[in-house]
Ligand SMILES: NC(=O)c1ccc[n+]([C@@H]2O[C@H](COP(=O)([O-])OP(=O)(O)OC[C@H]3O[C@@H](n4cnc5c(N)ncnc54)[C@H](O)[C@@H]3O)[C@@H](O)[C@H]2O)c1
């Protein structure tokens with residue numbers, strides 16, 4: 001059974017916490033007792049997330065930052081420690097999706113994806129690790145099924161998500177003896193503003209949702225809260241021997257290899 005006070009006296013920094021998966025993570029950690037600093041560039045949504053958490057009796061604050069900016073990341077970590085006195089958990093969720101092949105992706109868009117999805121994690125962790133060493137803290141990075149398999153036309157995104165597994169493993173081994181655990185989570189399709197953005201690029205957005213549902217063996221897409229549960233587990237002492245891992249939370253999306261014999265379709 002999960003103890004609803006398991007993060008009491010913990011301090012968490014959650015990037016991308018204004019919306020989608022990050023917001024669900026921030027809400028869940030706060031609901032289980034953590035003090036949470038939401039770090040995001042979306043001021044209105046970030047402030048709303050904080051209000052929601054406070055309304056439910058949780059403790060959260062918002063800090064406006066562009067995580068692709070090194071100074072913003074340094075300031076965000078400083079703010080968490082200044083507000084709450086220490087840092088135990090870092091949950092890196094901020095990310096963007098852009099579409100294109102290597103041929104069609106402009107250089108500035110390639111850099112934008114790498115800077116937000118990948119370099120931001122290096123920045124945040126660079127400044128967070130000295131504090132996490134003191135608390136024997138935990139880092140959970142948000143990658144994707146696109147770290148293991150890919151689609152047409154997502155060159156920059158899939159590259160950033162593959163690389164995030166490398167960065168996770170690298171930090172896990174570098175800081176294992178300091179008591180810091182570093183893991184990542186790889187979701188399938190999740191119902192968030194990012195999915196809405198992707199669907200809106202299609203002339204028939206509803207068909208995108210329908211296709212996404214059908215391609216998951218479980219027959220639906222995930223809710224952000226289902227991803228947040230796994231992040232909370234990895235951030236908690238319940239995962240005390242888990243480091244350098246990547247947890248798939250994909251409703252079976254990566255299971256099929258195709259070529260099913262006719263009898264199995266009955
Ligand atoms: N939604 C999915 O289907 C899905 C699947 C697999 C992985 N992911 C990953 O999960 C993470 C969260 O995705 P989501 O679907 O919740 O996305 P989302 O767009 O709903 O939310 C992303 C959040 O990150 C913030 N953000 C983006 N760029 C930022 C920047 N430069 N600085 C600060 N904040 C910034 C946004 O303001 C937003 O609050 C991403 O890393 C994404 O790649 C999402």
Would you confirm whether any residue within the range 95-110 is within 16 Å of residue 129 (Cα to Cα) and within 16 Å of the ligand (Cβ to nearest atom)?
no
Just to verify a result, which residue in the range 134-152, among those that are closer than 20 Å to residue 250 by Cβ and surrounded by fewer than 15 Cβ atoms within 10 Å (Cβ to Cβ), is farthest from the ligand (Cβ to nearest atom)?
152
When you go through 115, 71 one by one, which is the residue that is within 15 Å of the ligand (Cβ to nearest atom) and loosely packed, with under 15 Cβ neighbours inside 10 Å?
71
Please find, within the range 231-259, the residue that is farthest from residue 10 (Cα to Cα) out of those that are in contact with a helix residue (DSSP H, G or I) (Cβ under 6 Å, 6 or more places away or on another chain) and assigned to a strand (DSSP E or B).
249
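The rows are residues; the columns are (1) more than 14 Å from the ligand (Cβ to nearest atom); (2) closer than 18 Å to residue 231 by Cα; (3) surrounded by 19 or more Cβ atoms within 10 Å (Cβ to Cβ).
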| position | (1), (2), (3) |
| --- | --- |
| 163 | no, no, no |
| 176 | yes, no, no |
| 185 | no, yes, yes |
| 191 | no, yes, no |
| 196 | no, no, no |
| 199 | no, no, no |
| 205 | yes, no, no |
| 208 | no, no, no |
| 211 | no, no, no |
Does residue 257 satisfy the condition of being within 16 Å of the ligand (Cβ to nearest atom), surrounded by fewer than 19 Cβ atoms within 10 Å (Cβ to Cβ) and without any contact (Cβ under 8 Å) to a residue 40 or more places away in the chain?
no
Just give me the residues in the range 14-31 being away from the ligand (no atom under 12 Å from the Cβ) and touching a helix residue (DSSP H, G or I) at 6+ places or on another chain (Cβ under 7 Å), in sequence order.
27, 28, 29, 30
Pairs returned, first residue in the range 157-182 that is free of Cβ contacts under 8 Å to residues at least 40 places away in the same chain, second residue that is in a helix (DSSP H, G or I) and more than 16 Å from the ligand (Cβ to nearest atom), beta-carbon separation under 9 angstrom, 6 or more apart or interchain, are 174/129
Those residues that are surrounded by 14 or more Cβ atoms within 10 Å (Cβ to Cβ) and more than 14 Å from the ligand (Cβ to nearest atom), I need them from the range 218-228; list them, please.
none
So which helices (runs of 4 or more DSSP H) stay within the range 154-223 end to end and still have 1 or more residues that are touching a strand residue (DSSP E or B) at 6+ places or on another chain (Cβ under 9 Å)?
155-175
All but one of (1) within 11 Å of the ligand (Cβ to nearest atom); (2) over 24 Å from residue 186 (Cβ atoms); (3) touching a helix residue (DSSP H, G or I) at 6+ places or on another chain (Cβ under 6 Å) hold for residue 43; state the number of the condition that does not hold.
(3)
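A short reminder: the numbers here are calculations on the coordinates, not readings from a lab. Note that the structure is a prediction, hence the values are computed from the model and not measured. Using ideal geometry, Cβ is built from the backbone for each residue, glycine included, and neighbour counts are taken over all protein chains shown.
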